[in-house]
Amino acid sequence: MAATSIVLSMEGVCLSFGAKRVLDGLTFSVSRGECFGFLGPSGAGKTTTIKLLTRQLKKDSGRINLFGRPIENASDADYERIGILSDTSALYERMSIEDNLKLYAKIRGKGAGDIDRLLERMNLSQDRKTLVKNCSKGMRQRAALLAALIHSPELLFLDEPTSGLDPAARAEVHRMLAELKAAGTTIFLTTHDMAEADSVCDRLAILDEGRIVASDEPESLKLRFARNRVVVVTRSRGTLEVTKDAASAEEIRELFASDEVLSIHSDEPNLEEVFLELTGREF
Amino acid sequence: MNAAMRKTGALLAKDIVDLFKNPTMLVVCLMPVAFMALYTFMIGDATSDAGITAEQQAAANPIIDQFMLGSSLCMTIGMVCTMTVLYGIAEEKEKRTLRTLMLANVGASQIVVAKSVVALIASTAVNAICFFVAGGEPPMLGTYLALGVLGSLPIILFSLVLGLACRDQMTAGVYSVPVLLLTLVPMFGMSNESIEKVGHYLPTGGIYDLMGMAIEGNMNLQDALIPLAVTAVWIVAGAVVFSLLFKRLARDN
């Protein structure tokens, strides 16, 4: 991976709140155009990490680089290249969705030209004149995401972007994230939703008690924790779990020969099981 | 600089439009006008029932005018400036729109400037309406509005500090009471000598006295020096408190 393609990196970053250490030697990097998922249970330090990366908090030690330079030297112009949707992002309730987007377009120095296209993409065109106070949570969340995207940021921080959304709205967000990724936007995503992380992210880091306990591509992580077994459902002998070795292969061949096999599949863990394995905790 | 001005301008436009959409702000802006209408009615009724002579009436007029226009200034500054700034910031904090703005790379200073300018515009507009409701003489309007702007400055500065310190609108309600009381004290000076003495030195005391001098037509530098100094001291005090606490409050909250 070329050093110039790294948009964001942390190296040995530590942060404490009083006596409690919330981030302990955090090290990772995110490349241009990559969707990097940051997973972890509540209180693991996900939002704190985003706050460090977006100037809301200051680290105690370690190095953070943003667009190739130390975060301490990052300029306002660098932050104009960033879009942020936090778990507490909110729009003005007495204004319509469209007026809110126009406000943010003006703040970001962009024309209102892209608003129609964005509203269309998020399926909000019909509701553009609806006051935010009359919108459902899903509509608010999608509108807030559009506000974060209004200036076509190069780097997008998304903190639980689909939290509280119905499956259809979640699918809209996932489709949009896929489009953004295809267009070269770098995405830093925190989520509780393992299926979302699996389908959207190119790479993942699993955070537990302020430390990264694993980091890799979703498939590699799952394979790393593969159980090396095959499940065979038979006609008369019930469900059999056999290991992936030569002896089991012979056993399975015999089952096929005697027409006993109803179904057969490997038993790979999903991300949630990988997470539980690594942290010993539930979300 | 251009980006800062663009952002401040966008926030200013948003805050001005919101002033007309926000029921709380509308009521706050209408209150001084309603009070002045009530006072005009009450004082007009009282003087006509008192059976005083035309000479006595002529002698009383400047005192009544000072009370009416001075009270109008105190009420407008106290209610409009305090509430638009304090409640404005508190609502943004409570509804988390302030945080969203700051995550969109908007500086706290840009938000503060927009809120302050809106408070000045609103108080000047309300002051102008109150002036005519209170029966002010049109030639006096310029002086009256200038004193309104001058008196608004310290109150806006203190309200900004309190706005940044408060958590939500309920806290804003509590914090606004002492500011409101301090700004209203000078208008009760006529009813009590001790209040009058204290009133001269409060944030709106200086402009209340200057208004009286303007009405009597004897605003010379020597007499105006103390009320001007009182106002200047409050503006400087507000600016010092604001500059000391702004960074910390903006960061912590």
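Being more than 14 Å from every other protein chain (Cβ to nearest Cβ) and touching a residue at least 40 places away in the same chain (Cβ under 8 Å) is the filter; apply it to the range A:121-134 and report the residue that is farthest from A:ILE71 (Cα to Cα). Please lay out each step first, then the result.
First, pick out the residues of the range A:121-134 that are more than 14 Å from every other protein chain (Cβ to nearest Cβ): A:121-130.
Subsequent filtering for residues that are touching a residue at least 40 places away in the same chain (Cβ under 8 Å) retains A:121-123.
Values: A:ARG121: 33, A:MET122: 32, A:ASN123: 36 Å.
Out of the qualifying residues, it is A:ASN123.
For the range B:76-96, does any single residue satisfy the condition of being touching a Pro at 6+ places or on another chain (Cβ under 6 Å) and crowded, with 20+ Cβ neighbours inside 10 Å?
At the first step, the residues of the range B:76-96 found to be touching a Pro at 6+ places or on another chain (Cβ under 6 Å) are B:76, B:79.
Remaining after also requiring crowded, with 20+ Cβ neighbours inside 10 Å: B:76, B:79.
Yes, there is a match, as at least one residue in the range B:76-96 is touching a Pro at 6+ places or on another chain (Cβ under 6 Å) and crowded, with 20+ Cβ neighbours inside 10 Å.
Taking the criterion of being in contact with an Asp or Glu (Cβ under 6 Å, 6 or more places away or on another chain), in contact (Cβ under 8 Å) with a residue 24 or more places away in the chain and in a helix (DSSP H, G or I), the only residue of the range B:157-212 that qualifies is B:GLN169.
Table: residues versus (1) more than 30 Å from A:ALA143 (Cβ to Cβ); (2) assigned by TED's automatic domain parsing to the domain that holds A:HIS192; (3) touching a Ser or Thr at 6+ places or on another chain (Cβ under 7 Å).
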{"site": "A:SER9", "(1), (2), (3)": "yes, no, yes"}
{"site": "A:GLY18", "(1), (2), (3)": "yes, no, no"}
{"site": "A:PRO41", "(1), (2), (3)": "no, yes, yes"}
{"site": "A:ALA44", "(1), (2), (3)": "no, yes, no"}
{"site": "A:LEU66", "(1), (2), (3)": "no, no, no"}
{"site": "A:ALA77", "(1), (2), (3)": "no, yes, no"}
{"site": "A:TYR92", "(1), (2), (3)": "no, yes, yes"}
{"site": "A:MET95", "(1), (2), (3)": "no, yes, no"}
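In the range A:82-95, what residues are surrounded by fewer than 20 Cβ atoms within 10 Å (Cβ to Cβ) and either more than 7 Å from every other protein chain (Cβ to nearest Cβ) or acidic (Asp, Glu) (or both)?
If the condition is that a residue be surrounded by fewer than 20 Cβ atoms within 10 Å (Cβ to Cβ) and either more than 7 Å from every other protein chain (Cβ to nearest Cβ) or acidic (Asp, Glu) (or both), then A:ASP87, A:GLU93 are the ones that fit.
The number of residues in the range B:81-124 being within 14 Å of another protein chain (Cβ to nearest Cβ), part of a helix (DSSP H, G or I) and among the small types (Gly, Ala, Ser) comes to 4.
With a requirement of 1 or more residues that are of a type in the set (Ser, Thr, Tyr) and loosely packed, with under 15 Cβ neighbours inside 10 Å, the strands (runs of 3 or more DSSP E) lying completely within the range A:4-81 that satisfy it span A:6-17, A:61-66.
Might you let me know whether the range B:4-13 holds any residue that is β-branched (Val, Ile, Thr), more than 11 Å from chain A (Cβ to nearest Cβ) and assigned to a helix (DSSP H, G or I)?
We begin by selecting, within the range B:4-13, every residue β-branched (Val, Ile, Thr); these are B:8.
With the extra rule that they be more than 11 Å from chain A (Cβ to nearest Cβ), the set shrinks to none.
Within the range B:4-13, not a single residue is β-branched (Val, Ile, Thr), more than 11 Å from chain A (Cβ to nearest Cβ) and assigned to a helix (DSSP H, G or I).
Look at the range A:108-120: where a residue is without any contact (Cβ under 8 Å) to a residue 24 or more places away in the chain and within 14 Å of another protein chain (Cβ to nearest Cβ), no partner that is part of a loop (DSSP other than H, G, I, E, B) and among the aliphatic types (A, V, I, L, M) sits 6+ places away or on another chain with Cβ atoms under 6 Å.
The values are calculated or read from the model by the stated rules, or taken from the named source; none is laboratory data. Note that the structure is a prediction, hence the values are computed from the model and not measured. Quick reminder, even Gly has a Cβ in these numbers, built from the backbone with ideal geometry, and neighbours come from all protein chains shown.
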